[in-house]
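Shown next, in structure tokens, is the structure this report addresses.
The values are calculated or read from the model by the stated rules, or taken from the named source; none is laboratory data. Everything quoted here is computed from the prediction, not taken from an experiment. Glycine gets a Cβ as well: all are built from the backbone with ideal geometry, and neighbour counts include every protein chain shown.
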Amino acid sequence: QVQLVDSGGGLVQAGGSLRLSCAASGSIASFGRMGWYRQAPGKERELVATITSSGRTNYADSVKGRFTISRDNAKNTVHLQMNSLKPEDTAVYYCTASVRVFGNPGYWGQGTQVTVSS
């Protein structure tokens, strides 16, 4: 079974940065799309960013220009660089993977907490 382990969350002040990492148990080259979701208390789960096997990226409007997703096939890792963090970015962030480019992810990490103080 594929396992995704996400890490890198923490507490940061508004305007600061965090870098999330997602380590896969196997090769991520087999995934057509990987990405990050987040969920804050009382809010709907939100797709934050995705990256396809060909390197195409997509971002939620709320994070566009501030977050960057990257994929390192050699290390079987995906990263989410988060800059200019805002309190509304506070959430549990989940790494995800999908075999196909479109559709819902089939694999999820355990989640890592990101808290941005004002």
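Suppose we filter Leu80, Leu85, Leu20, Leu11 for residues that are part of a loop (DSSP other than H, G, I, E, B), touching a strand residue (DSSP E or B) at 6+ places or on another chain (Cβ under 7 Å), closer than 16 Å to Val116 by Cα and touching a residue at least 60 places away in the same chain (Cβ under 8 Å); which single one remains?
None of the others qualify; the one that does is Leu85.
Rundown of residues vs (1) within 18 Å of Ile69 (Cα to Cα); (2) among the polar types (S, T, N, Q); (3) in contact with a Phe, Trp or Tyr (Cβ under 9 Å, 6 or more places away or on another chain); (4) at pLDDT 95 or above, yes/no style:
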position	(1), (2), (3), (4)
Gln1	no, yes, yes, no
Gly9	yes, no, yes, yes
Arg19	yes, no, no, yes
Ala23	yes, no, no, yes
Ile28	yes, no, no, no
Phe31	yes, no, yes, no
Gly42	no, no, no, no
Leu47	yes, no, yes, yes
Thr50	yes, yes, yes, yes
Out of all the residues in region 30-48, is one or more without any contact (Cβ under 8 Å) to a residue 40 or more places away in the chain, within 14 Å of Trp108 (Cα to Cα) and hydrophobic (A, V, I, L, M, F, W, C)?
yes
Evaluate the following for Ser98: is it of a type outside the set (Asp, Glu), in contact with a Pro (Cβ under 7 Å, 6 or more places away or on another chain) and more than 26 Å from Leu11 (Cα to Cα)?
yes
